[in-house]
Amino acid sequence: MIEITGIDIGNITTIVVSEDEEIQIESRLKEWSSKDDLGGNEVFEFNGKKYVSESGDFENDVVKHEKENFLPLIFYPLFKATEENQIKAVIGIPAGQYEDRKDELRDFIMANNKQKIKVGNKEREIKILDLKVVPEGYGLKANGAMEKCQKGLKTYVIDIGGGTTDIAEFDENMKFVDGDSIQLGLLDIYRNTRKILSKKPYNMVISLADAKKYFDGELKLPSINEDDEKEKNAYKLELIKDCLRTLINELKGLYPNLSNSNIVLAGGGAKKVKTPFSKIYPQTIVVENIKANARGNRIVGVAQWQKK
């Protein structure tokens, strides 16, 4: 049997969707050391080397397949999401890189398409038999997220990711025509969070991964009461405003007619900026589920490869 999967690799989150499973992990891995046996993160072996999942640093690479951890980031969640060893996959690439780098991405993966991976006591050799590369945002069209768009208008899918914000442009017939990228993403917010928390009154020394947890509410600052907690977290609103101000300025420069177009806001940052963004562009359709692109990518694959 052959399994068809959708893959979405970001600088913060990696998602693999199969028919029966949806696996979401943080896009960070580190090499194993003996002290990691005391931790709670899963250890796996890839090409004879041990890694710890969701540990270490986030790699912020514009060209994602140049990440040092790119291949294990593909094959580890593939292992978790599938039972079969023969895979066909659809993977997204930033829309602005689609024309220039889609073949480069496909060639790199297919040159490394067969890998041994061991998780726990189970070892498999997974082979990617075929791979289709689509622009990020295309999956949203496939899974119906753009059905609410007004007909006869251009549509822009604005995907706020970890390292960049990627824009996919569709014409009035919903055909993909072009894309671009803005060098702004959630990692900028998390870096600024770390900077703020390093100063008074916080005086904290934290990693970027922990800064993400503080901003997202997974880690909390000590507070005396509810008012004190609100005051200590007020910096988050300011960071969102600063990020949005930069994003809107960039978008206006790239797409001066954006107000007269359909807008689909997606990616990990969509939920964080949706309210102020929608005040500026009331026609915005927000896709909060960050698995939507990977789900759509799988739908593209099923349409291409599944026997009728």
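Worth pointing out:
- Extreme residue, nearest to residue 19 (Cα to Cα), among residues of the stretch 290-307 that are polar (S, T, N, Q) and touching a helix residue (DSSP H, G or I) at 6+ places or on another chain (Cβ under 8 Å): 297
- Verdict on residue 52 being free of Cβ contacts under 8 Å to residues at least 24 places away in the same chain, touching a strand residue (DSSP E or B) at 6+ places or on another chain (Cβ under 8 Å) and farther than 18 Å from residue 216 by Cβ: yes
- Residues of the stretch 132-174 that turn out to be of a type in the set (A, V, I, L, M, F, W, C) and assigned to a loop (DSSP other than H, G, I, E, B), as a count: 5
- Being of a type outside the set (Phe, Trp, Tyr), on the phi > 0 side of the Ramachandran plot and not assigned by the TED database to the domain that holds residue 58 is a condition met by no residue of the stretch 235-255.
- Considering (1) modelled with pLDDT of 95 or more; (2) farther than 30 Å from residue 143 by Cα; (3) of a type in the set (D, E, K, R), the lone condition that residue 295 does not fulfil carries the number (2).
- Every residue from the stretch 80-95 that is farther than 16 Å from residue 15 by Cα and either of a type in the set (Asp, Glu) or modelled with pLDDT under 95 (or both): 83, 84, 95
- Test: residue 244 is assigned to a helix (DSSP H, G or I), farther than 24 Å from residue 176 by Cβ and under 20 Å from the mean Cα position of the chain (by Cα): yes
- Number of the exception - residue 225 against (1) in contact (Cβ under 8 Å) with a residue 60 or more places away in the chain; (2) out of contact with any strand residue (DSSP E or B) (no Cβ under 9 Å at 6 or more places or on another chain): (1)
Rundown of residues vs (1) more than 15 Å from the chain's Cα centre (by Cα); (2) of a type in the set (A, V, I, L, M, F, W, C), yes/no style:
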| residue | (1), (2) |
| --- | --- |
| 94 | no, no |
| 108 | yes, yes |
| 112 | yes, no |
| 133 | yes, yes |
| 160 | no, yes |
| 165 | no, no |
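The values are calculated or read from the model by the stated rules, or taken from the named source; none is laboratory data. Since we're looking at a predicted model, the values are computed, not measured. Cβ atoms come from the backbone with ideal geometry, glycine included; neighbour counts cover every protein chain shown.
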